[in-house]
Amino acid sequence: MPDALLQIDTLTAGYVKDLPILRGVSLTARYGELTVIIGPNGAGKSTLIKAVAGLLQVTEGKVTLDGGNITGISPDRMTRAGIAYVPQTDNVFRTLTIQQNLDLVLKLHSNPSGRLAALFRQFPVLKEKRRSKAGSLSGGQRQFLAVALALAVEPRLILMDEPSAGLSPKAAEEVLDHVKELTRQGVSVLLVEQNVKQALKRADHCYVLAEGRNQIDGPAEELLENPALGRIYLGGERKGAA
Amino acid sequence: MIGVISYLVFFTTVASILGIAVLGLNLQWGNTGLFNGGVVASFGAGAYGTLMLGGPAQDGHLGGFGLFYPLALLGGMVAAGVLAWIVGKLTLRLRHDYLAIATFGVAVAFENVMRNATSITGGAQGIRGFERPLRDVLGDGFTYNAVFLAGVLVVLLLVYVFLERLTVSPFGRLLRAIREDETAARSLGKSPDRIRLISFVTGSVIIGLAGGLYGTFYAFVSPQDVLPILTFQIWAMLIVGGAGNTRGALAGAFLIWGAWTFSGWALSRFAPVEAQLYTGSIQFVLIGMVIVGMLLWRPQGLFPERLIVSQPGRNREKTQVEGFT
Amino acid sequence: MIQHLVDGILVGSFLSLGAIGLTMVMHILRFANFSHAELLSIGAYCALVFDKLFESVLPVLSAKFGPLSITGALAVSILISMAVTGFTAVLIDRLIFRRVRQKGGELSMVFASFGMALVIRNIIGLVFGLSSELYSRDIAFAMVLSRDPLLLVKPDQVFVLFAALIIMFGLYLVLSRTTFGFSLRAIAENPSLAQVHGVNLRRMVAAVWIIGGALGAIAGVFYGLSYQITPVMGRDLVLPIFAATIVGGIGSVYGAVLGGFIVGVASNLALVVLPSGYSPSVPFLMILAVLLVRPNGLFGEARA
C-alpha cells in the first residue's frame with residue numbers, strides 16, 4: 001500500500017468562531033490515489049477541503065503534507081507547498097482570457113514557459129479558445145480551465161470541490177475521467193463529490209462524512225457493498241443517488 | 001441658580017432635538033444598515049422648510065408663507081422626505097456605498113445651494129425673523145424655553161414609541177431580515193429595495209423633524225447650521241450609543257452633546273489665546289477619534305443591542321477570507 | 001468657453017490621478033474611502049515640508065526649470081512625498097482599516113474612513129495652521145495661447161497635464177503587461193481564488209495603498225501648484241474624485257482617468273451657465289446624472 005501524502009488529524013474548523021462545522025475529522029490521502037469524500041448535504045465536505053486549502057481558520061487538529069506540518073498556513077503559501085485547490089464555483093478568473101489565466105498562475109510560480117505548451121497539449125480545447133475570456137466558456141470547459149490552473153503549479157495534491165456539479169451527465173463523466181487520469185500521471189487527488197456512483201466507480205479510497213464527523217471509510221469497491229452507506233448517506237431522502 | 005436651570009433647559013432642549021435626529025439615523029443604519037453620509041441635508045431641509053413655510057413675509061428671499069406652525073413643521077419634514085426619496089430611489093438598488101457617496105454629495109450641494117441661492121434661501125445671512133409659535137402667549141423668557149423643552153420631549157417620546165413599535169412590528173423584523181441576509185429575504189418574496197427605501201425616507205423625515213424643531217428653537221437658520229460637522233456629531237452619538245438600540249442612541253446624544261459643549265467651553269476657558277483659533281479643529285479631531293475608536297474597540301456601542309445580531313451588511317465567508325489581510 | 005474647456009482639462013489631470021487610487025481601493029477592498037482625498041493633502045503638505053527643507057539646506061536646488069515655478073527641490077520633494085504618502089496610506093490601513101475590516105462589514109469601513117477623514121484633515125490644520133500655503137510665492141505669468149478667443153495657460157499647468165498623462169501611461173503599462181497587474185485584476189475579481197493560486201493578498205493590498213497614496217501625493221502637489229495648499233483641500237476634493245470614479249465606473253482605472261477629465265471639464269463648463277458659487281455642487285449633479293442614465297459608469301461592471 002502506498003504511503004500517506006496528506007494526513008488530516010482530528011480537525012476542527014468552521015466559518016465563525018465557536019461554531020465548528022467540522023468536529024474532529026481525520027483522513028489520509030495516499031500518493032497517486034484518488035481519495036473521495038462523500039456525504040449528505042451539510043456534512044462538512046467542502047468545509048474540510050477549504051480548511052486544508054488554508055481558507056478557514058483551523059481551531060484544533062493538524063494537517064501534514066509529507067510529514068511537514070501545514071496546519072493553518074496562508075492559502076498563497078499552500079500552493080507553494082504543493083497543494084492546489086479547485087473551488088466548486090468561481091474557479092477561474094472570468095475577466096481574464098484563458099491564456100492570461102494560465103500565464104498569471106505560471107508566472108506567480110516562475111514555472112518554465114514549456115509548462116503552458118504542456119497544459120495546452122493536455123487540454124486542446126483551451127488552446128483553441130486561449131484568447132477568449134474565461135467567463136465565456138461552457139461549464140465543462142470552465143472546469144477544464146480550473147483543473148489546468150491547478151496543474152499549472154505542478155502540485156503533488158489537488159483538492160477538488162464537486163467538479164461535476166452543474167454539468168450535464170456527459171460533461172460530468174468527462175471531467176471525472178480526466179480527474180482519474182491525473183492520478184495515473186502521479187498527481188494525488190482529494191475529491192469532494194455529490195455524484196456518489198460516478199465518484200466511487202473511479203475512487204481508490206473513500207470517506208463518508210456526516211454532521212462534521214467521520215462515518216465510515218474504506219476502499220471504494222468495498223464501500224459500494226456496505227449497507228451502512230445507504231443508511232448514513234441517504235437518510236431516506238436522497239433516493240437513487242447511490 | 002436660575003441661571004444654571006435655564007442653561008440646563010437650553011442644553012436639554014438641544015440635546016433632545018439632536019436625539020430625535022439620532023433616532024432617525026438609527027432607523028437607517030442600526031435597523032436597516034444604510035449609510036447616510038448626509039444627515040445634515042435632511043436636518044437642514046427640515047429647518048429651512050419649516051422656517052420658510054412658517055415665517056412671516058420677508059424681503060429678499062422666498063418664504064414667508066406664515067403657515068400655521070404644525071403645518072410648517074410638517075412641510076419641513078416633507079421636504080426632508082422628498083430629498084431622501086430622490087437620492088434613495090437612485091442609489092438603493094446599487095452597490096451599497098453609492099448611497100454613502102450620494103448622500104454625502106447631497107449634503108455638500110445642500111449647503112452650497114443654501115449659501116448661494118440668496119433669492120430663495122437668504123444666502124449666507126440665512127432666514128431670520130421667524131415668529132416662534134405661542135410667543136404672544138408665553139413671551140421670550142424662561143417660561144417659553146421650559147414649555148418648548150416640554151414640547152420637544154413630547155415629540156421625542158412620540159418618535160421613540162413609534163420606532164420601538166416599528167422595530168417589533170412585522171416591518172421591523174423585515175428590516176432586520178434584510179440587514180442580516182438579503183438573499184434570504186428576497187427569496188421570501190420581499191422586495192429589499194422598496195423596504196430599504198421606506199426605511200431611508202422615514203429616517204430622513206424624522207431627522208427633518210429634528211431640523212424643524214432646531215430651526216424653531218433658534219428662530220433662525222443659516223448655512224452655518226448645515227455644515228458637515230453636524231453629520232459627524234450625529235453619527236458619533238449613534239455609534240457611542242450603539243447602533244440598533246433606541247435607548248442607547250438617546251444616551252449617546254446626551255453624552256456626545258455634553259462632551260462637545262464641555263470641550264468647547266473648556267478649550268475657550270483654559271486654552272491659551274493663540275490656540276483659540278484651533279478650538280474647532282481640536283473638537284473635530286475628537287469627534288473623528290470617537291467614531292474611529294468606537295469602531296475599533298467597541299463597535300457595538302456602550303449600550304449594545306440586546307438581540308444577538310451581526311454587523312450590518314456582514315458577509316461571513318468573505319470576512320473569513322479578508323481575515324488574512 | 002474655450003478657456004473653461006482648457007481649464008477643465010487641466011483640473012481633470014489631478015482629479016484623474018486622485019480617482020485612480022480611489023477606484024483601485026474601492027475595487028480591491030470594496031469600500032468607499034471617504035478619507036482618500038486626505039492623502040492628497042498629506043502629499044501636498046509633505047512635499048511642501050521637504051521643498052522648504054531642501055531650499056534652505058541645498059540652495060542649488062532652488063533654481064527653477066525654465067518657465068515653470070517648479071524647482072529641483074520641489075521635484076525631489078514630490079518623489080519623497082509619493083513614498084511617504086504611500087507608506088502613510090499603508091500605515092493607516094494597518095492601524096485602522098484592517099482592524100475594522102476584520103471586525104465588521106464593508107459599511108463599517110466606509111464609516112471608519114468618514115471618521116478618519118475628519119481626524120486627518122484637522123490634524124493637518126493643527127500642525128500646519130489654517131491659512132493657505134504656496135510652493136512658490138512668485139507670481140507665475142500665464143502664457144497667451146491665443147488672443148481671439150483669449151486663451152491663457154500657465155506653464156505649470158501644461159507641465160501638470162503632461163506629467164499626469166505620462167504617469168497614467170506608465171500605470172497602464174504596469175496593469176496591462178505585468179504579472180503584478182494581472183494579480184491585481186485577479187484579486188479584484190476573486191480574492192480567495194487569487195490567494196489559492198498563489199497571490200499574496202496582504203502584499204497586494206499594501207501595493208494598492210502605495211499606488212493610491214503615491215498618485216494621491218502627485219495629485220495633491222499638482223492641485224497645490226494650480227491653486228494653493230490648504231488643510232481643507234481634501235474636503236473640497238473628495239466629492240469631485242468620487243464623482244470621477246462613479247462616472248468612470250467603480251473599479252475601472254481607465255474609467256477613473258476619463259472620469260477625472262469629464263468631471264474637470266464639466267465643472268468648468270458649468271461656470272458658463274451657473275454662478276461660480278455653485279461649482280461645488282456640480283460633481284454631485286454629475287453623480288446623480290450618471291446614476292440615472294448609466295449606474296455602473298462608463299466602464300464599470302455591475303457588482304452587488
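All of the numbers you see were taken from the coordinates with simple rules; none came from a lab. Only a predicted model underlies this, so the values are computations on that prediction, with no experimental measurement involved. Every residue, glycine as well, gets a Cβ built from its backbone with ideal geometry; the counts of neighbours run over all protein chains shown.
Worth a mention:
- Our coupling estimate for the range A:128-140, obtained by passing each phi through the Karplus curve with A = 6.51, B = -1.76, C = 1.60 and θ = phi - 60°, is 4, 9, 4, 8, 8, 5, 4, x, 8, 6, 6, x, x Hz, Gly and Pro reported as x.
- Among C:T179, C:T23, C:T88: highest mean-square fluctuation, GNM of chain C, C-alpha pairs under 10 Å: C:T179
- Longest to shortest principal axis, alpha-carbon extents of the range B:1-91, angstrom: 49, 37, 21
- Peptide A:125-133, shielding by other chains (average Cβ, 10 Å cutoff): 0
- Of B:W265, B:W260, B:W29, the sequence from fewest to most neighbouring Cβ atoms within 10 angstrom is B:W265, B:W260, B:W29.
- Cα-based convex hull, the range B:212-311, per residue volume (Å³, whole number): 124
- The GluC sites (Glu not before Pro) of the range C:11-107 include none that DSSP puts in a loop with a beta carbon having at most 12 other beta carbons within 10 Å.
- Per-pair calculated FRET efficiency, R0 = 51 Å: A:N226 and C:Y172 via Cβ, rounded to 0.05: 0.25
- Averaged over the residues of C:121-132, the number of partner chain Cβ atoms lying within 10 Å of the residue Cβ comes to 4.
- Taking amide hydrogens as placed 1.01 Å from N in the peptide plane, the amide H of A:A210 sits under 5 Å from those of A:Q215, each at least 5 positions away in sequence or on another chain.
- Close amide H contacts of A:V86 (hydrogens built in the peptide plane, cut-off under 5 Å, sequence separation of 5 or more or a different chain): A:L159, A:M160, A:D161.
- Given charges at Cβ of Lys, Arg, Asp, Glu: chain C dipole, positive-most of C:I2, C:I28, C:L269: C:I28
- Exposure proxy for C:K154, B:K89: other Cβ atoms within 10 Å of each Cβ, ordered fewest to most, give B:K89, C:K154.
- For the range C:168-180, 3J(HN,Hα) per residue [Karplus equation, 6.51 cos²θ - 1.76 cosθ + 1.60, θ = phi - 60°, Hz, x = Gly/Pro]: 5, 5, x, 5, 4, 4, 4, 6, 9, 10, 9, 4, 4
- Leading residue at positive end of dipole, the protein assembly as shown (Cβ point charges), from B:G49, B:T183, C:A207: B:T183
- Between the range C:20-62 and the range C:171-211, the C-alpha centres lie 23 angstrom from each other.
- Between the range A:103-143 and the range B:212-258, the Cα center-to-center distance that results, in Å: 57
- Overall shape of the range C:2-234 was characterised from the C-alpha gyration tensor. The equivalent ellipsoid obtained from it has semi-axes of 33, 21, 17 Å, in decreasing order.
- Distribution of pairwise C-alpha distances over the range C:205-278, 5 Å bins, in %: 3, 14, 18, 27, 22, 10, 3, 2, 0
- Debye log10 I(q)/I(0) at q = 0.12, 0.20, 0.21, 0.22 Å⁻¹ for the range A:116-242, Cα point scatterers: -0.52, -1.18, -1.26, -1.34
- Calculated on the alpha-carbon coordinates, the convex hull of the range B:2-227 measures out at 118 cubic angstrom per residue.
- Exposure proxy ranking, count of Cβ atoms within 10 Å, fewest first, for C:C46, A:C206: C:C46, A:C206
- Rounded to the nearest 20 debye, the dipole magnitude of the range A:4-234 is 820 debye, with +1 charges on Lys and Arg beta carbons, -1 on Asp and Glu beta carbons, and the Cα centre as origin.
- Applying 1/(1 + (r/R0)^6) with R0 = 51 Å to the Cβ-Cβ distance of B:W265 and A:H178 gives a FRET efficiency near 0.10.
- For the protein assembly as shown, convex hull of alpha carbons as volume per residue, Å³: 194
- Size descriptors for the range A:143-204 (Cα atoms only): Rg and Dmax, in that order, 10.8, 30 Å.
- Peptide A:149-158 - average C-beta neighbours from other chains (10 Å radius): 1
- Check: the protein assembly as shown dipole with +1 on Lys, Arg Cβ and -1 on Asp, Glu Cβ, in debye: 940
- Cα-centred dipole magnitude for chain C, charges only on beta-carbon of K, R (+1) and D, E (-1), debye, nearest 20: 800
- Per-residue HN-Hα couplings for the range A:33-44 [Karplus 6.51, -1.76, 1.60; θ = phi - 60°; Hz; x = Gly/Pro]: 10, 9, 9, 10, 10, 10, x, x, 4, x, 6, x
- A cut-off under 11 angstrom between Cβ atoms defines the neighbours of A:E181, and their net charge, with Lys, Arg +1 and Asp, Glu -1, is +1.
- As a rough guide to protection, the peptides B:288-297, B:235-244, C:288-297, B:206-215 ranked by mean Cβ packing within 10 Å, highest first, stand as B:206-215, B:235-244, B:288-297, C:288-297.
- Proportion of all alpha-carbon pairs of the range A:23-126 beyond 22 Å (%): 44
- Above-threshold pairs, the threshold being 28 Å between Cα atoms, out of A:K62/A:K201; A:K133/B:K190; A:K107/A:K133: A:K62/A:K201; A:K133/B:K190
- Rg and Dmax over the alpha-carbon atoms of chain A stand at 17.4, 52 Å.
- Long-range HN-HN contacts of A:T97 with modeled amide H, under 5 Å: A:A134
- Trypsin sites (Lys or Arg not before Pro) restricted to DSSP loop in the range C:202-304 with at most 16 other C-beta within 10 Å: C:R303
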